[in-house]
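The values are calculated or read from the model by the stated rules, or taken from the named source; none is laboratory data. What you see is a predicted model; the values in this text were computed from it and never measured. The protein model used for the area step is the full one, side chains on, heavy atoms only, and it has no ligands, DNA or RNA in it. Shrake-Rupley method; radii C 1.70, N 1.55, O 1.52, S 1.80 Å.
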Amino acid sequence: MDKQLVKQVVTRVLDEMRMRPIPLGISNRHIHLSQQDYDRLFPGMPVTEKKALLQPGQFAAEQTVTLAGPKGQLHNVRLLGPLRSVSQVEISRTDARTLGITAPLRMSGNLSGTPGVKLISPWAEIDLDSGLIVALRHIHMSPLDALVLRVAHGDTVSVVIEGSGRRTLFDDVAVRVAPDMRLEMHIDTDEANAAGADDPHAVAHLAPRP
């Protein structure tokens with residue numbers, strides 16, 4: 001086969017792959033717990049999987065807690081598994097106002113200098129010294145996805161969500177690449193509501209670069 005023709009075919013296929021919609025994951029408020037904190041809140045109980053998530057090995061658990069702040073509480077905040085080395089709580093800006101706590105915008109795992117919050121289960125309550133954040137919007141992807149989309153781990157991109165009648169452009173979307181990740185964009189409930197992302201016709205694409 002002619003090399004030029006092969007190049008044209010490959011280019012066309014890659015262009016079509018880049019136009020694939022990016023699956024949207026709407027992240028409601030949730031917690032990640034260390035083994036130590038989990039054992040205090042749910043003594044003698046195994047973590048029970050309720051629903052598998054798109055990212056391999058991750059799941060929503062049956063266990064939930066109440067978050068308590070100076071101004072209010074958030075009930076039925078679900079645990080996501082598996083357990084981690086450090087506890088972390090992810091909420092939206094609206095949730096932060098309900099609690100009365102100023103939660104910084106951070107990438108998951110970047111917890112230095114973050115505020116804490118009280119966690120309450122039917123068996124115990126603990127005061128986290130830190131770990132409360134509003135998560136930066138981001139896209140998970142595999143190295144192959146990153147190659148096709150011409151991005152790298154740590155990049156930031158713009159993503160347009162359209163099809164719902166509330167077309168929204170999100171800048172500063174962090175790219176997270178790992179071999180065990182699947183293509184999925186994560187936004188919180190405030191962002192999803194603004195973009196109408198729960199509409200079945202809503203789709204996300206990388207915005208054209210200037």
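Taking 0.36 nm per residue of separation and subtracting the current Cα-Cα distance, fully stretching the chain between Leu147 and Arg209 would add 20.7 nm. Based on DSSP H segments of at least four residues, each scored -39500 (n - 2.57), the chain has a per-residue ellipticity at 222 nm of -6000 deg cm²/dmol.
Remark: relative contact order (region 98-210) = 25 percent; criterion is Cα-Cα distance under 8 angstrom and separation of 6 or more residues.
Order the following by accessible area, largest value first: Ile26, Ile31. Probe radius 1.4 Å; ligands, DNA and RNA are ignored. Write out the running numbers ahead of the final one.
On the way: Ile26 75, Ile31 0 Å².
Descending accessible area places them as Ile26, Ile31.
With all protein chains present, how much of the accessible area of region 46-199 (probe radius 1.4 Å) comes from carbon and sulfur, to the nearest whole percent? Answer for region 46-199 is 49 percent, counting heavy atoms of protein chains only.
Just the Kirkwood number for region 41-153, please: inverse of mean 1/r across all distinct Cα pairs, in Å, one decimal.
Radius from the Kirkwood sum: 15.6 Å.
Hey, what angle do you get for helix 3-18 against the long axis of the chain, alpha-carbon based, 0 to 90 degrees rounded to 10? It is inclined by approximately 30 degrees.
The spread of Cα positions in the chain, taken along each principal axis and listed from longest to shortest, comes to 70, 34, 32 Å. Residue separation of Ala178 and Ile26 scaled by 0.36 nm, minus their Cα-Cα distance, works out to 52.7 nm of gained length.
Solvent exposure of region 68-210, expressed per residue, is 50 Å² of accessible area, with all protein chains present and a 1.4 angstrom probe. Within the chain, antiparallel bridges make up roughly 65 percent of the DSSP beta bridges whose residues both belong there. Report, ordered by chain and residue number, the aspartates and glutamates lying within cross-link reach of Lys50, taken as a straight Cα distance under 13 Å and ignoring same-chain residues fewer than 8 apart. Result set, ordered by chain and number: Glu62.
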